[in-house]
Amino acid sequence: QIGDAAVLVNEKIGPVDSKFPLDNYNRIVSTQVGTPERAAAEKAFVNDLKLRIQETAKYIRPEENTMDFAFMFIPSEGIYYDLLTNQVGAGEEENLIQRAAGKHKVIIVSPTSFLAYLQTVMQGMKALQIEQKAVEIQKRVGELGKHLGAYEQFYKKLGTSLATTVSHYN
């Protein structure tokens, strides 16, 4: 299975899935609040979302060099806002966006939030790179310290030898 897109960052693959069913959401929007039809459409839409979250989670394969999360792109700010504010799926035990991230490691994004999430990932990867470089620098400083210590011992021995030579001369 392959996602619709991938974000490549430092040799890691960030899977992105953007297939999104709108039929049941359109049914919600076109029916009156409080009617059984609307409740049925909302339930069907929430089930659509849950299935999409599970399908997107299948793209997370760290053994194949993916990141340990995936993005699920929702092409509508309205739907994203409804999910964010619990306008849709309010009967659920928790917000669907939080559930997707916590349970399935799927980050639901909208057209405007996607860039912010990508920038956050980039900053995190840069911080990881800096941390790895810092570990390498610490290792090199340790090696330099050992080298300077050996150099200092050599000079002490040389000084002792010179002192002994001067003493014998005197």
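Points worth noting:
- Solvent-accessible area per residue, Å², over the chain with all protein chains present [probe radius 1.4 Å]: 66 Å²
- Element breakdown for segment 48-170 at a 1.4 angstrom probe: carbon and sulfur atoms account for 58% of the accessible area.
- Between the listed residues His104, Ala44, Ile137, the Cα displaced farthest toward the positive end of the dipole of the chain, a dipole computed from Cβ unit charges relative to the Cα centre, is found at Ile137.
- With helices as the sole contributors, the chain gives -20500 deg cm²/dmol at 222 nm; each DSSP H run of n ≥ 4 counts as -39500 (n - 2.57), and the sum is divided by every residue.
- Kirkwood Rh (inverse of mean 1/r, distinct Cα pairs), the chain, angstrom: 20.2 Å
- Using a probe of 1.4 Å, the accessible surface attributed to Lys133 totals some 140 Å² when neighbouring protein chains are kept in position.
- DSSP-defined beta bridges in the chain - what % are antiparallel, rounded to 5: 40 percent
- Couplings 3J(HN,Hα) of segment 69-76, computed from phi: 8, 9, 9, 10, 8, 9, x, 10 Hz, in residue order, whole Hz [Karplus 6.51 cos²θ - 1.76 cosθ + 1.60, θ = phi - 60°; x for Gly and Pro].
- Among Val7, Val29, the sequence by solvent-accessible area, most first, with a 1.4 Å probe is Val29, Val7.
- Computed from the alpha carbon atoms alone, the convex hull of segment 8-76 holds 79 Å³ per residue.
- The alpha carbon centroids of segment 115-170 and segment 2-52 are separated by 55 Å.
- Entries of Lys105/Lys133; Lys103/Lys133; Lys12/Lys146; Lys19/Lys43 with Cα pairs more than 26 Å apart: Lys105/Lys133; Lys103/Lys133; Lys12/Lys146
- Degrees between helix 111-169 axis and first principal axis of the chain (Cα, 0 to 90, nearest 10): 10 degrees
- You can think of it this way: the chain between Tyr169 and Asp48 has 33.9 nm of extra reach, that is 0.36 nm per residue less the Cα-Cα gap.
- On Cα atoms only, tilt of 36-57 relative to the major axis of the chain in degrees: 30 degrees
The values are calculated or read from the model by the stated rules, or taken from the named source; none is laboratory data. Please read these numbers as outputs of a predicted model, since none were measured by experiment. Note that we place each Cβ from the backbone using ideal geometry, even for glycine, and neighbour counts take in every protein chain shown. Ligands, DNA and RNA are excluded from the accessible area calculation, which covers all protein heavy atoms including side chains. Shrake-Rupley method; radii C 1.70, N 1.55, O 1.52, S 1.80 Å.
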